[in-house]
Amino acid sequence: MTEPDIIILSETENFSLWQVEEPDDETTYHLELGTITVHFFREEWEEFLKLVREVED
């Protein structure tokens, strides 16, 4: 079994965001906030981004 490819999308001193192409062709997103990591499937990630964009406006 091969390890999935991890793509770092963004990193700061305290936070990081990466995506993984899983073996079943599902893309998952991982948002690390200090000691907490939140995992999203693609549909959840898109909804989360929409939520954040609404806050920015």
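Sorted from greatest to least, the principal axis extents spanned by the alpha carbons of the chain come out as 43, 26, 17 Å. By the scheme Lys and Arg +1, Asp and Glu -1, what is the net charge of all other residues having a beta-carbon under 10 Å from that of Phe40? Net local charge, Phe40 excluded: -3. When the Cα positions of Phe40, Pro4, Asn14 are compared along the charge dipole of the chain, Asn14 comes out farthest toward the positive end, with charges on each C-beta of Lys, Arg, Asp and Glu. Determine the calculated [θ] at 222 nm for the chain from helices alone, applying -39500 (n - 2.57) to every DSSP H run no shorter than 4 residues and normalising by the residue count; nearest 500 deg cm²/dmol. It comes out at -8500 deg cm²/dmol, rounded to the nearest 500. Here r is the Cβ-Cβ distance between Glu13 and His39 and R0 is 35 Å; the resulting FRET efficiency, rounded to 0.05, is 0.95.
Rounded to the nearest 10 degrees, the angle from helix 42-56 to the longest Cα principal axis of the chain is 20 degrees. I need the calculated FRET efficiency for the pair Val52 and Glu26, taking r as the beta carbon distance and R₀ as 25 Å, to the nearest 0.05. After rounding to 0.05, the efficiency reads 0.70.
Could you work out the local net charge near Leu9, counting Lys and Arg as +1, Asp and Glu as -1, over the other residues with Cβ closer than 15 Å to its Cβ?
Working: positive: Arg42; negative: Asp5, Glu11, Glu21, Glu32, Glu46.
Counting the neighbours of Leu9, the net charge comes to -4.
No lab work stands behind these numbers, since they all come straight from the coordinates. Not measured: the values here are computed from a predicted model. Neighbour counts are summed over all protein chains in view; Cβ atoms, including those assigned to glycine, are modelled from backbone coordinates with ideal geometry.
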